[in-house]
Amino acid sequence: MLVAAVPALLAIRKAAQALERLAEVARDELPGTMAAVRLSGMEMSDLSMELSDLSQEISQGIRSSARAVRLAEDGLRRVGSLAASRTAAIIEERAVVPVPSVTPVIASAARSTKNAIRGARNVVSQVSLIGHLSNFLQWSEKR
């Protein structure tokens with residue numbers, strides 16, 4: 001019976017030695033691995049905060065751009081209504097004049113309306129550009 005137990009005892013001894021080596025490797029490697037995991041967690045937390053800040057900045061930029069577009073639209077509507085009323089006033093004023101002399105007045109009114117719309121479009125593009133530039137400057141100051 002003792003002879004039969006020798007292979008089993010040798011196998012147990014071999015398993016115990018393997019377990020001892022495993023415990024030694026774990027004791028050596030585990031602290032460094034856990035420190036790396038902790039550092040990765042902190043970096044992920046920082047990244048999450050930065051993404052949240054960036055999301056808020058983008059939302060704010062979109063809101064300010066939308067506000068600028070609304071203001072530009074209101075300005076264009078005012079310019080359009082002013083141009084329409086002035087054109088109507090000029091046409092009514094010249095209504096008693098024969099048709100050949102009214103044509104240059106209508107063309108002149110149309111040209112001034114066209115120029116007013118061009119000017120309003122330039123104002124809208126400049127307002128939009130200023131909004132983008134402002135957002136960029138705010139973003140670059142935070143970096």
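The values are calculated or read from the model by the stated rules, or taken from the named source; none is laboratory data. Because the structure is predicted, anything quoted here is derived from the model rather than measured. Here the Cβ is made from the backbone with ideal geometry for all residues, glycine too, and neighbour counts use every protein chain on show. Please note that ligands, DNA and RNA were not included when accessible areas were found on the heavy atoms of the full protein model with its side chains. Shrake-Rupley method; radii C 1.70, N 1.55, O 1.52, S 1.80 Å.
General remarks:
- For Ser134, solvent-accessible area (1.4 Å; no DNA, RNA or ligand), Å²: 50
- With bins 10 Å wide beginning at 0, the percent of Cα pairs of the stretch 18-69 falling in each bin runs 22, 22, 17, 15, 11, 8, 4, 1.
- Gained length - Ala23 relative to Leu54, 0.36 nm times residue gap less alpha-carbon distance: 6.6 nm
- Potential extension, Ile91-Ala16 segment - 0.36 nm per residue separation minus Cα distance: 16.3 nm
- Förster radius 30 Å - calculated FRET efficiency between Ser40 and Trp139 (Cβ-Cβ, nearest 0.05): 0.65
- For the chain, size of Cβ-based charge dipole, Lys and Arg +1, Asp and Glu -1, in debye: 800
- From the C-alpha gyration tensor of the chain, square roots of 5λ in Å: 87, 15, 9
- Projecting the Cα atoms of Ser52, Val25, Leu82 onto the charge dipole of the stretch 1-82 (Cβ charges, centred on the Cα centre) puts Leu82 farthest toward the positive pole.
- Charge dipole (the chain, unit charges on Cβ, about Cα centre) - positive-most of Ala72, Leu9, Leu129: Ala72
- Estimated [θ] at 222 nm from DSSP helical runs (n ≥ 4, -39500 (n - 2.57)) normalised by residues in the chain, nearest 500: -36000 deg cm²/dmol
- For the chain, the relative contact order is 29 percent, taking Cα pairs closer than 8 Å that sit 6 or more residues apart in sequence and dividing their mean separation by the residue count.
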